[in-house]
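A.B. asks: Got a structure for you, written out below as C-alpha cells; questions coming shortly.
The values are calculated or read from the model by the stated rules, or taken from the named source; none is laboratory data. Owing to the predicted nature of the structure, the values given are computational and were not obtained by experimental measurement. Virtual Cβ from ideal backbone geometry, glycine too; neighbours counted across all protein chains shown.
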Amino acid sequence: MTVREATAFAPASVGNVAIGFDILGFSVEALGDRVTVRRTDAPGVTIRAIEGVAANLPLEAAGNTAGRALLAMREALALPFGFEMSIVKGIPLGSGLGGSAASAVGAVVAANAVLDAPQPQLELLKFAMQGEAVASGSLHVDNIAPSLYGGLVLTVGIEQPRVKQIPVPPGVQAVIVHPHMFLGTREARAILAKTVALSDFVWQTAHLAGFISGCYTNDLDLIRTSLDDVVIEPQRHALIPGFKDVRAAAILAGALGCSISGAGPTMFAWSVAASAPAVREAMVAAFGARGIATDHWIVDIESRGARVESGGS
Ligand code: HSE
C-alpha cells in the first residue's frame with residue numbers, strides 16, 4: 001500500500017569548500033530542515049506551514065524552494081495527484097549553511113516516499129536543483145548534492161549531473177562558526193566578477209585538484225596548501241566583518257584551512273581533531289572581539305545525507 005505521508009530530514013551543508021565554487025560541498029549533520037509531505041487527491045503543491053528558526057518564508061509554492069522542487073517533480077513525472085507539506089527550518093536564513101537547499105532536498109526525499117514509483121537519487125537531485133534556483137537565482141549544486149547524498153560531494157554537470165562522494169581523511173573534522181548576521185545568497189553572487197584572470201584560474205584549478213588528490217591520499221600537507229580560494233573569497237570577504245582576523249586566528253590555532261561557508265557569513269575550517277577545539281575557540285574569539293555573537297560546531301564529515309524519518313517504506 002502506498003504511504004500517504006512522510007517526514008524527511010535534510011542536513012545543512014558547507015558549499016564551495018573554498019576551492020570548488022558551485023560544485024563542491026560537505027554535509028553538516030548538526031543542523032538541518034525537516035519536511036513533512038502528504039499526498040493529496042487535489043493536484044498542485046500547497047505549503048501549510050513553515051516553522052522553526054526561519055519561519056518568515058514564502059508560502060506560495062512557486063516562490064518557495066521546497067515548493068518549487070515539488071512542482072518540478074510533479075511536472076516531470078506527470079503525477080495525477082498533488083502534495084501538501086509543512087517545513088520545520090533548523091537552518092538559519094541567510095547563514096551560508098545551505099538552508100534553501102535542505103528544504104528542497106527534504107521535500108523531494110519525503111515526497112519520494114509517497115510516490116507509487118520512487119525515483120533514483122539523481123532524479124531527486126535534479127528536482128531539488130530547481131528549488132535551489134528560486135533562492136539563489138542559479139542552478140548550483142554544491143549545497144543540494146551534499147545535503148542529499150551526505151559527506152564531501154563533488155558534482156560535475158548541470159543537465160546530466162555526475163555526483164561523486166569524496167573520502168575525507170580519517171581524523172579530519174570541520175569547525176563551523178555562524179556569526180549572527182544575515183547575508184543573502186543573491187547579493188553575494190551579484191558582486192562577483194564575470195571573468196577570472198588567467199593566473200587565478202591556474203591557481204584555483206591547481207588547488208581544487210590538489211585538495212581532491214589530498215583527500216584520496218590522506219595527504220594533509222597537500223590539503224593545507226590547497227584549501228585556498230584565490231577567486232571567490234577575495235571578492236566576498238569584505239561582506240563578513242572580521243573575516244581576515246577569524247581566518248588568521250583559525251590558521252594560527254592549527255587549522256588546515258579556513259574560508260567562507262557558501263555565500264557566507266558562516267565561516268568553516270578543516271582541522272585534525274586534536275586541534276579542532278582550539279580552532280573553534282580562536283574563531284569564536286575573533287568574531288567576539290568585534291562584538292559579533294556566534295553559534296559554533298565541531299563536526300565529523302559524515303557520509304550520511306537526507307533520509308526519511310517517518311512514514312516511508
Ligand atoms: N556556491 C554558492 C555560492 C553557494 O557560493 O554562491 C551558496 O550557498
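A.B. asks: I need every pair where a residue in region 8-27 that is assigned by TED's automatic domain parsing to the domain that holds Ala107 and more than 17 Å from Gly150 (Cβ to Cβ) has its Cβ under 6 Å from the Cβ of a residue that is more than 9 Å from the ligand (Cβ to nearest atom) and not hydrophobic (A, V, I, L, M, F, W, C), sequence separation at least 6 or different chains.
C.D. replies: From region 8-27, the pairs are Ala18/Asp229; Ala18/Ser259; Ile19/His207; Ile19/Asp229.
A.B. asks: Pairs only if they're at least six apart or on different chains, beta carbon under 6 angstrom, first in region 136-149 and more than 15 Å from Ala107 (Cα to Cα), second away from the ligand (no atom under 11 Å from the Cβ) and assigned to a loop (DSSP other than H, G, I, E, B); list them, first residue then second.
C.D. replies: Every condition considered, the pairs that remain are Leu139/Ile158.
A.B. asks: So, in region 1-47, exactly how many residues are hydrophobic (A, V, I, L, M, F, W, C), assigned to a strand (DSSP E or B) and within 16 Å of the ligand (Cβ to nearest atom)? Can you show your working first?
C.D. replies: Of region 1-47, the ones hydrophobic (A, V, I, L, M, F, W, C) are 1, 3, 6, 8-10, 12, 14, 17-19, 21, 23-24, 26, 28, 30-31, 35, 37, 42, 45, 47.
With the extra rule that they be assigned to a strand (DSSP E or B), the set shrinks to 6, 8-10, 12, 14, 24, 26, 28, 30-31, 35, 37, 45, 47.
If we keep only those that are within 16 Å of the ligand (Cβ to nearest atom) too, we end up with 10, 12, 14, 24, 26, 28, 31.
Number satisfying all stated conditions: 7.
A.B. asks: Among Gln165, Gln130, which is of a type outside the set (D, E, K, R) and either under 12 Å from the mean Cα position of the chain (by Cα) or away from the ligand (no atom under 16 Å from the Cβ) (or both)? It would help to see each step written out before you state the result.
C.D. replies: On the way: Gln130 fails: either under 12 Å from the mean Cα position of the chain (by Cα) or away from the ligand (no atom under 16 Å from the Cβ) (or both).
It is Gln165.
A.B. asks: Next up: Considering only region 182-218, state which residues are more than 24 Å from Gly151 (Cβ to Cβ), under 22 Å from the mean Cα position of the chain (by Cα) and at pLDDT 95 or above. Walk me through how you get there before you give the answer.
C.D. replies: Narrowing region 182-218 to residues more than 24 Å from Gly151 (Cβ to Cβ): 182-184, 186-203.
Imposing the further condition that a residue be under 22 Å from the mean Cα position of the chain (by Cα) reduces the set to 182-184, 186-192.
Result: Ile191, Leu192.
A.B. asks: Check whether at least one residue in region 252-271 is among the hydroxyl-bearing types (Ser, Thr, Tyr), farther than 21 Å from Val141 by Cα and without any contact (Cβ under 8 Å) to a residue 12 or more places away in the chain, and report yes or no.
C.D. replies: Residues of region 252-271 among the hydroxyl-bearing types (Ser, Thr, Tyr): 259, 261, 266, 271.
With farther than 21 Å from Val141 by Cα added as a condition, the list becomes 271.
Add one more test, that the residue is without any contact (Cβ under 8 Å) to a residue 12 or more places away in the chain, and what stays is none.
Scanning region 252-271, I find no residue that is among the hydroxyl-bearing types (Ser, Thr, Tyr), farther than 21 Å from Val141 by Cα and without any contact (Cβ under 8 Å) to a residue 12 or more places away in the chain, so the answer is no.
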